[in-house]
Amino acid sequence: MTSATHGLGHPQHAPGAHDSHDDHAHGPPSGFMRWVSTTNHKDIGTMYMLFALMNFFIGGVMAMIIRAELFQPGLQVVNPDFFNQMTSLHGLIMIFGAIMPVFVGFANWQIPLMIGAPDMAFARMNNWSFWLLPPATILLIGSLFVPGGSLSAGWTLYPPLTVQQGMGMDLVIFAVHIMGASSIMGSINIITTILNMRAPGMTLFKMPMFCWTWLITAFLLIAAMPVLAGAVTMLLTDRHFGTSFFNAAGGGDPVLFQHIFWFFGHPEVYIIALPAFGVVSQVIPAFSRKPLFGYTSMVYATASIAILSFMVWAHHMYAVGMPAAGQLFFMYATALIAVPTGVKVFNWVATMWKGSLTFETPMLFACGFLFLFTLGGFTGLVLAIVPVDIQLQDTYYVVAHFHYVMVAGALFSAFAAVYFWIPKWTGRMYDETLGKWHFWLSMIGFNLTFFVQHFLGLAGMPRRIPDYNLQFANFNMVSSLGAFLFGGSQLLFVYIVYKCYRGSGEKAAANPWDGAEGLEWTLPSPPPYHTFETPPAVK
Amino acid sequence: MTNGIPRSIRSGIAGLLAGAAGWSNQALADGVNLQEPASVLARSIYDLHTIITLICVVIFIGVFGVMFYSVYAHRKSKGHKAAQFHENVKVEIAWTVIPLIILIAMMFPATRAVLEMKDTSAADITIKVTGYQWKWGYDYLQDGFGFYSTMTTPMAQIEGREAKTANYLLEVDNPLVVPVGKKIRVLITANDVLHSWWMPVFGVKQDAIPGFVRDSWFTANREGTFRGQCAELCGKEHGFMPIVVEVVSEPKYVAWVADQKKRAAAVADDPNKVWDLAALVARGEKVYANNCVACHQATGKGVPPAFPPLDGSPRVTGPKADQIHILLEGVMKDGKATAMVSFAKQLSDTDIAAAITYTRNSWGNKTGEAIQPAEIKAARK
């Protein structure tokens, strides 16, 4: 193995991992075409992650604009319509452009390494599922520049407001179609890889938790994404082809859209959360130097969450008005999700209990995840209670709640994953001091931003408003200052990652962590371009 | 109000301390908890929220007490050696079943509150609320008047050219007025896109859906002016369609309704205007078509015996005072109301005058009389 980094340099062929055959005499193309035509899971994983990082900053800039406008009462920075475009696109870009792709990136890199497979099952489709995404982002960003501007009806796309929108809305609809197609292909690939390409001896119940959570997530994606595609297609035909799916005057119902959207939307929450659970289930045992507590119950809890996630969609719609029996059913079903989620939290804490703990950056982010995600889970339980939700629906309490789940949950877990695996991916250790700074700044910035939003929501501030009464001024200012700190500290993350890819920093051993276990740590860091062409032996 | 950060940090800390010390309502009233309820329903919700949040806080402290103890005590740097246990079925069952029991216990008060919330029966007053881009419309269905309610905060305040006042963005030209202690049922709908009618102090939030009517209710338990906002994104002015409800005493409400009715009548037609015959007949034809034709038929022949004919009827061709009396008071037969109800409340003086004039000058009836609105006004008690 050469000392060159894998990362962005020319792919290295490791002689040891590549012995018996070499039928592609010319090797892969170099330069730009290498990335366009690659079918290598590591290259595609890297591209997914870089793509997600780019979107993370685009969505982040939008968040900064939102918080700048809300820094003080009054309209100072943007007009209300542009403000609405920012909140709408921030949501779509962060969910579909940043969080989902980054976890697909982890899946691409890690699943073959973790189960001892040479690559993903459908290598060419893998290339295609990635390369569909940049056009989707171009449509999303481009929609800002068409007449009438972009979607300003919220990422939830509720009609009839979305029927009123300009052509930016059509671009968004096509972007959602494309991203959905990409996700479905990615999911088929992950399921096939996990079910068919495990090394001999790697039974399902020996798989790392990360693979389990992704297997279940992939099924959720296949079930949920077509539903979203159907919903936006109906929007499109309502807009342009004279149908009335969501128009009462034509015999339709605007609420129908909400049912369809949230039938996708609630599983989507777990599509984002489950891989995050998987990452944390890898990181906590490694830094506790102790096996994951309750592996089997973790698998069952994950599957239970996935199944329940299809039965709770209308808890997003309590304020729409439905019969008491409907509200009670969705309240009970939603509360029930707290049980398997609680099991996971208890198992993680039990994994730490009587371990031998160290707190490198991945572990810090995993603990941050555990603490704050659980807080978000509890506010979720509060919101599950119909009468309480009636007060809190569409307020900043909900904004705080889902950012605790999505940011402190999914994003912190993604940071944990990057710090945990980047020595493997690049062959270099990240800068531990800067990593810790990144964690603490993020932790403080995040909580300043979002904790006070619980108070704003309780006191009565609706979400998606560009201006507010003076009684909300102080907490909004705190929230905005926190957001600027949180946003700014992410530049540190880019610098830390850049340093690793550039090849500076201490060289990483095959297994840089005392307590980490799994096939990926048996490979050199960085691993050769092709790995496990001969299946490894699994005990 | 905008004296910078320290106050919010102070109130934030006060809120946290109060939470830890037993959730004192007093300390939390300053913008960190639900608004002080002004209805029975909002009070139930407030208490429910307090209970659920407290249970969550206790569990949270318990679980993360364990985690932080572990973080503190089981560090490698303290030389702690890792144990290697990794499963225990009994523990797994315990932490599945115990949370389940806690959740079931939580569902009892929650279910009671849901059923209370959904019970819109036996309302004293029904008001229809319509969401428009970007104002609210209120119709007092039993009293037959309505009005729009639009934000009055000037752009100069929004754009920072004038100082912002206390009710910035939460003030309207025509507030909704309701009497204290009466059960108010609100029928909520929308004209264009989704809106949501939200009054935090009453515990009411109901999406307004174009083409559909949903209902909710509240009983205000104290007088005062209360403020809420549209809670569902409805376009660019979504942040600028506040709701203001004035809760007043019963006599004040009655007086206000009377005043509103007078104003509505004044806006409609001047009852003192003198009309000529042709104009009254033309208008009367429309009033007849909307109100009378189902029973008395377009031919004026009626459907005897239930619905008597007007064509050739001595009541229509006879003295006009009798006919006016019938329209204002309705017809009683054997002490019971008949299908001929009073139109005194439904129709204005002008409409009644026009309808009477029309019937007296149509089909075979040729009285040639024009009944003036002023006569109707005079005949009303």
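Quick look at the values:
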{"read-out": "Residue match in the range B:184-204 (condition: more than 14 Å from chain A (Cβ to nearest Cβ), surrounded by 19 or more Cβ atoms within 10 Å (Cβ to Cβ) and more than 13 Å from the chain's Cα centre (by Cα))", "value": "no"}
{"read-out": "Helices (runs of 4 or more DSSP H) contained in the range B:239-353 and holding at least 3 residues touching a strand residue (DSSP E or B) at 6+ places or on another chain (Cβ under 6 Å)", "value": "B:250-268"}
{"read-out": "Odd one out for A:K507 among (1) more than 26 Å from the chain's Cα centre (by Cα); (2) surrounded by 18 or more Cβ atoms within 10 Å (Cβ to Cβ); (3) more than 18 Å from A:W109 (Cβ to Cβ); (4) not small (G, A, S)", "value": "(2)"}
{"read-out": "Residue in the range A:350-371 that is open to solvent by 10 Å² or more (accessible area, probe 1.4 Å), more than 8 Å from chain B (Cβ to nearest Cβ), under 22 Å from the mean Cα position of the chain (by Cα) and of a type in the set (G, A, S) present", "value": "no"}
{"read-out": "Matching residues, the range A:380-396, being more than 7 Å from every other protein chain (Cβ to nearest Cβ) and either open to solvent by 10 Å² or more (accessible area, probe 1.4 Å) or part of a loop (DSSP other than H, G, I, E, B) (or both)", "value": "A:G380, A:L383, A:Y396"}
{"read-out": "Subset of the range A:503-517 that is out of contact with any helix residue (DSSP H, G or I) (no Cβ under 8 Å at 6 or more places or on another chain) and within 19 Å of A:W437 (Cβ to Cβ) - its residue that is modelled with the highest pLDDT", "value": "A:E506"}
{"read-out": "Residue tally, condition hydrophobic (A, V, I, L, M, F, W, C), open to solvent by less than 40 Å² (accessible area, probe 1.4 Å) and not in a loop (DSSP other than H, G, I, E, B), over the range A:237-252", "value": "1"}
{"read-out": "The range B:270-280 - residue that is open to solvent by less than 50 Å² (accessible area, probe 1.4 Å) and touching a residue at least 12 places away in the same chain (Cβ under 8 Å) and, of those, farthest from B:I371 (Cα to Cα)", "value": "B:P271"}
{"read-out": "Positions within the range B:207-229 being within 14 Å of chain A (Cβ to nearest Cβ) and among the acidic types (D, E), in sequence order", "value": "B:D207, B:D215"}
{"read-out": "Hits in the range B:360-381 - residues which are under 16 Å from B:A279 (Cβ atoms) and in a helix (DSSP H, G or I)", "value": "B:R360, B:P373, B:A374, B:E375, B:I376"}
{"read-out": "Test: residue in the range A:466-483 that is away from every other protein chain (no Cβ under 12 Å), touching a residue at least 40 places away in the same chain (Cβ under 8 Å), open to solvent by 20 Å² or more (accessible area, probe 1.4 Å) and not in a loop (DSSP other than H, G, I, E, B)", "value": "no"}
{"read-out": "Residue check, A:F493 in contact (Cβ under 8 Å) with a residue 12 or more places away in the chain and either open to solvent by 40 Å² or more (accessible area, probe 1.4 Å) or in contact with a Pro (Cβ under 7 Å, 6 or more places away or on another chain) (or both)", "value": "no"}
{"read-out": "Close pairs (7 angstrom Cβ cut-off, 6 or more residues apart or separate chains): closer than 9 Å to A:T334 by Cα and more than 9 Å from chain B (Cβ to nearest Cβ) in the range A:308-322, open to solvent by 30 Å² or more (accessible area, probe 1.4 Å) and of a type in the set (D, E, K, R) anywhere", "value": "none"}
{"read-out": "Some residue of the range A:69-87 being among the aliphatic types (A, V, I, L, M), in contact (Cβ under 8 Å) with a residue 60 or more places away in the chain and away from chain B (no Cβ under 14 Å)", "value": "no"}
{"read-out": "2 or more residues among the aromatic types (F, W, Y): qualifying strands (runs of 3 or more DSSP E) within the range B:80-191", "value": "B:135-140, B:145-149"}
{"read-out": "Subset of the range B:205-218 (residues that are buried (at least 18 other Cβ atoms within 10 Å of the Cβ) and touching a residue at least 24 places away in the same chain (Cβ under 8 Å))", "value": "B:K205, B:D207, B:A208, B:R214, B:S216, B:W217, B:F218"}
{"read-out": "When residues of the range B:45-67 are limited to those that are open to solvent by 50 Å² or more (accessible area, probe 1.4 Å) and more than 16 Å from A:G376 (Cα to Cα), the one nearest to the other protein chains (Cβ to nearest Cβ)", "value": "B:V66"}
{"read-out": "Condition check for A:T374: open to solvent by 10 Å² or more (accessible area, probe 1.4 Å) and among the β-branched types (V, I, T)", "value": "yes"}
{"read-out": "Of all residues making up the range B:131-178, the number that are more than 14 Å from chain A (Cβ to nearest Cβ), open to solvent by 60 Å² or more (accessible area, probe 1.4 Å) and not polar (S, T, N, Q)", "value": "5"}
{"read-out": "Identity of the residue in the range B:111-124, crowded, with 18+ Cβ neighbours inside 10 Å and not small (G, A, S), that ends up farthest from the chain's Cα centre (by Cα)", "value": "B:T111"}
{"read-out": "A:F330, sole failed condition from (1) facing chain B (nearest Cβ under 7 Å); (2) under 30 Å from B:Q206 (Cα atoms); (3) of a type outside the set (G, A, S); (4) out of contact with any strand residue (DSSP E or B) (no Cβ under 8 Å at 6 or more places or on another chain)", "value": "(1)"}
{"read-out": "Residues that are of a type in the set (D, E, K, R) and more than 17 Å from B:F147 (Cα to Cα), drawn from the range B:236-268", "value": "B:K236, B:E237, B:E250, B:K252"}
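This table checks each residue for (1) out of contact with any Leu (no Cβ under 8 Å at 6 or more places or on another chain); (2) open to solvent by 10 Å² or more (accessible area, probe 1.4 Å); (3) part of a helix (DSSP H, G or I).
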| residue | (1), (2), (3) |
| --- | --- |
| A:D81 | yes, yes, yes |
| A:M94 | yes, yes, yes |
| A:P112 | yes, no, yes |
| A:R124 | yes, yes, yes |
| A:L139 | no, yes, yes |
| A:M169 | no, no, yes |
| A:I173 | no, no, yes |
| A:I178 | no, yes, yes |
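Every residue, every condition in (1) basic (K, R); (2) touching a residue at least 24 places away in the same chain (Cβ under 8 Å); (3) more than 9 Å from chain A (Cβ to nearest Cβ), yes or no:
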position: B:Y69; (1), (2), (3): no, no, no
position: B:K76; (1), (2), (3): yes, no, no
position: B:A82; (1), (2), (3): no, no, no
position: B:N88; (1), (2), (3): no, no, no
position: B:S121; (1), (2), (3): no, no, yes
position: B:D124; (1), (2), (3): no, yes, yes
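Results for (1) under 20 Å from A:M94 (Cβ atoms); (2) of a type in the set (A, V, I, L, M), shown as yes or no for each residue.
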{"site": "A:W348", "(1), (2)": "no, no"}
{"site": "A:T351", "(1), (2)": "no, no"}
{"site": "A:C367", "(1), (2)": "no, no"}
{"site": "A:L375", "(1), (2)": "yes, yes"}
{"site": "A:Q391", "(1), (2)": "no, no"}
{"site": "A:A416", "(1), (2)": "yes, yes"}
{"site": "A:R428", "(1), (2)": "no, no"}
{"site": "A:E432", "(1), (2)": "no, no"}
{"site": "A:G445", "(1), (2)": "yes, no"}
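Let's see how each residue does on (1) modelled with pLDDT under 95; (2) surrounded by 15 or more Cβ atoms within 10 Å (Cβ to Cβ); (3) of a type in the set (F, W, Y):
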residue: B:F226; (1), (2), (3): no, yes, yes
residue: B:C230; (1), (2), (3): no, yes, no
residue: B:G235; (1), (2), (3): yes, yes, no
residue: B:V244; (1), (2), (3): no, yes, no
residue: B:S249; (1), (2), (3): no, no, no
residue: B:A268; (1), (2), (3): yes, no, no
residue: B:A282; (1), (2), (3): yes, no, no
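The values are calculated or read from the model by the stated rules, or taken from the named source; none is laboratory data. Every value quoted in this text rests on a predicted model; they were computed, and no experiment measured them. Here Cβ is always computed from backbone atoms with ideal geometry, including for glycine, and neighbour counts include all displayed protein chains. Quick note on the areas: whole protein, heavy atoms, side chains included, nothing else; ligands and nucleic acids left out. Shrake-Rupley method; radii C 1.70, N 1.55, O 1.52, S 1.80 Å.
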